[in-house]
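The next block holds one structure in the form of structure tokens; read it before the comments.
Coordinate-derived values only; no laboratory data. Fair warning: this is a prediction, and the values are worked out from it, not measured in the lab. Cβ atoms come from the backbone with ideal geometry, glycine included; neighbour counts cover every protein chain shown.
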Amino acid sequence: MAQLMGGSLFSSAPVGFHPSKTEAVAGYCRISCLTKLHSFQELGAKTCEIHGNGLSSNSSGVRRSNKKRVIQAILQSEREIETTNGIVTRGLRGQLNKVVLAYSGGLDTSVIVPWLRENYGCEVVCFTADVGQGVKELEGLEKKARASGACQLVVKDLKEEFVSDFIFPCLRAGAIYERKYLLGTSMARPVIAKAMVDVAKEVGADAVSHGCTGKGNDQVRFELAFFALNPNLNVVAPWREWDITGREDAIEYAKKHNIPVPVTKKSIYSRDRNLWHLSHEGDVLEDPANEPKKDMYMMSADPEDAPNEPEYVEIGIVGGLPVSVNGEVLSPASLLAKVNEIGGKHGIGRIDMVENRLVGMKSRGVYETPGGTILFAATRELESLTLDRETIQVKDSLALKYAELVYAGRWFDPLRESMDAFMEKITETTTGSVTLKLYKGSVHVASRRSHYSLYREDISSFENGQIYNQADAAGFIRLYGLPTRVRAMLHKEF
């Protein structure tokens, strides 16, 4: 027999609970409803479980349970049930204790909070990583998270770690995906996932969740990182489970639950911003034939409206990594913010591309990466002085694979880590400075300097010198061209 107690709505008399004929029910469970019931009829308990020296019953019968005492009940409407161990509900899809959700305060993650509570009967801890998306993106998050039903919001400043441990290794490797994409979102996901795993451990969560759609790359990036860092965590991906089929459905869901979101049906851009870049997808961009709207851009000026005078910027580099701007030594995050400001003013770093997603489809995205474009140009120009031909060729070939691994979410793979060790070793002497000329969206090198330069003016000069004897070229050409001569002789015989 179970007894429900709920103030004046419930009688003090016990409510009969009838077990199957094969077993008798022993023990009592007392359930107190903490939230207001809209109507008595809404309370339709489908399952009552008593763990401990008691019984667990469900629609299929009664089974014994000797686990830690926890009382659970499924209610047809949203309810919080007080138990001896706190507030526990059993969701429509299963039972989780606590879920750490990657939370941005945007449309997707805002509707996920109540959905998780309804479907998994869990507490939701919202986690937001500050990777340089801007102060405005972080304003009001706690209020919105709690309004959505979250029990806690955790915000961590990851900007320095993001730049030093994730962006700079990719920069040093020269990693560019499909000739254009500087991997802004791809690099951000593993640092966020790493922090989520840490938070899950701190708050005692048994699951993590994200708002990535089932069509995108980010679901893979997040989940591969979770697998690598804590394979015991459950992963919940609502977009692969719920009935919401698109962003407009999500907007309607949010409105129904009185959740404020920063989008409307008339203008829906999917944006991802961090200290490295800003990406734009959706709306008119879904048709590759459409030119991006001028007012869409946020990090960079239109090159046509950029200053009419060029600006020179000097980037100091040590061991393949930037350390200073115009002689001023800065931390990694501060340095990137500085060159973003300079590059954005001159319309640097706009990319419009159709890329091949990991999941098999093509997608069109527009990226703004002003500072990243400047830093890539600087490091490449310095490498032209400090690396020999064979090293550059091997490095460039490995850079393609490095970019593919990062794009595909395999940041924590041993292969990428091993390649990173190689990149660090061969760029030990990539130290010096590069001055670039910025003008109306273009970046041109003005000067390169390095104490480790392999360029020798006395050798490269058209004047004869002691080290290089032009007459030596004749023997070199004969040997180098020997395969060509042999092949020609063979063809002549036939």
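Some values worked out for this structure:
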quantity: Extension gain from ASN356 to ASN230, taking 0.36 nm per residue of separation minus the Cα-Cα distance; calculated: 42.5 nm
quantity: Burial ranking of peptide ranges 318-331, 296-309 (average Cβ count within 10 Å, highest at the top); calculated: 318-331, 296-309
quantity: Electrostatic dipole magnitude of the range 178-333 [Cβ: Lys, Arg +1; Asp, Glu -1; Cα centre; debye, to 20]; calculated: 560 debye
quantity: For the range 123-135, Karplus couplings with θ = phi - 60° (6.51, -1.76, 1.60), whole Hz, Gly/Pro x; calculated: 6, 10, 9, 7, 10, 10, 9, 8, 10, x, 6, x, 4
quantity: Likely footprinting exposure, CYS212, CYS126, CYS170, fewest C-beta neighbours within 10 Å first; calculated: CYS212, CYS170, CYS126
quantity: Per-residue HN-Hα couplings for the range 312-321 [Karplus 6.51, -1.76, 1.60; θ = phi - 60°; Hz; x = Gly/Pro]; calculated: 9, 10, 9, 10, x, 10, 10, x, x, 10
quantity: Simple Cβ-charge dipole of the range 98-270, Lys/Arg +1 and Asp/Glu -1, about Cα centre, in debye nearest 20; calculated: 420 debye
quantity: Dipole of the range 98-270, positive end: most advanced residue of VAL99, ALA250, ALA225 [Cβ charges, Cα centre]; calculated: ALA250
quantity: Ratio Rg/Rh [Cα only; Rh per Kirkwood] for the range 86-240; calculated: 0.98
quantity: Length released on extending from THR245 to GLU390, taking residue separation times 0.36 nm less the Cα-Cα span; calculated: 47.1 nm
quantity: Violating pairs (Cα-Cα greater than 19 angstrom) within the set LYS180/LYS338; LYS180/LYS395; LYS180/LYS362; LYS180/LYS294; calculated: LYS180/LYS338; LYS180/LYS294
quantity: Chymotrypsin sites (Phe, Trp or Tyr not before Pro) within the range 428-467: DSSP coil, no more than 15 neighbouring Cβ in 10 Å; calculated: TYR452, TYR455, PHE462
quantity: Loop GluC sites (Glu not before Pro), the range 96-144, which have at most 16 other Cβ atoms in a 10 Å radius of their Cβ (DSSP); calculated: GLU139
quantity: Point-to-point label distance, LEU482-PHE494, nm (Cα→Cβ direction, 7 Å offset); calculated: 2.3 nm
quantity: Built amide H within the under 5 Å cut-off of VAL325, gap 5+; calculated: GLY316, LEU330
quantity: Residues whose placed amide H lies under 5 Å from that of ASP157, excluding near-sequence neighbours; calculated: ASP130
quantity: In Hz, Karplus ³J(HN,Hα) per residue of the range 198-215 (6.51, -1.76, 1.60; θ = phi - 60°; x = Gly, Pro); calculated: 5, 5, 4, 5, 5, 9, x, 7, 10, 7, 10, 8, 9, x, 6, 6, x, 9
quantity: Ranked packing of 396-402, 286-292, 407-413, most packed first, by mean Cβ within 10 Å; calculated: 407-413, 396-402, 286-292
quantity: Anisotropy class of the range 179-255 from Cα gyration tensor, a/c 1.5 cut; calculated: oblate
quantity: Set of aspartates and glutamates with alpha-carbon distance to LYS425 below 20 Å, sequence-local pairs under 8 removed; calculated: ASP165, GLU381, GLU383, ASP388, GLU390, ASP396, ASP413, GLU417
quantity: Where Rh is the Kirkwood radius over Cα pairs, Rg/Rh for the range 308-390; calculated: 1.06
quantity: For the range 369-494, alpha-carbon Rg and Dmax in angstrom; calculated: 20.5, 59
quantity: Added length on full extension, which subtracts the Cα-Cα distance from 0.36 nm per residue, VAL318 to MET296; calculated: 4.3 nm
quantity: Trypsin sites (Lys or Arg not before Pro) within the range 195-274: DSSP coil, no more than 11 neighbouring Cβ in 10 Å; calculated: LYS265, LYS266
quantity: Residues with amide H under 5 Å from that of ASN234, placed H, sequence gap 5 or more; calculated: ALA207, VAL208
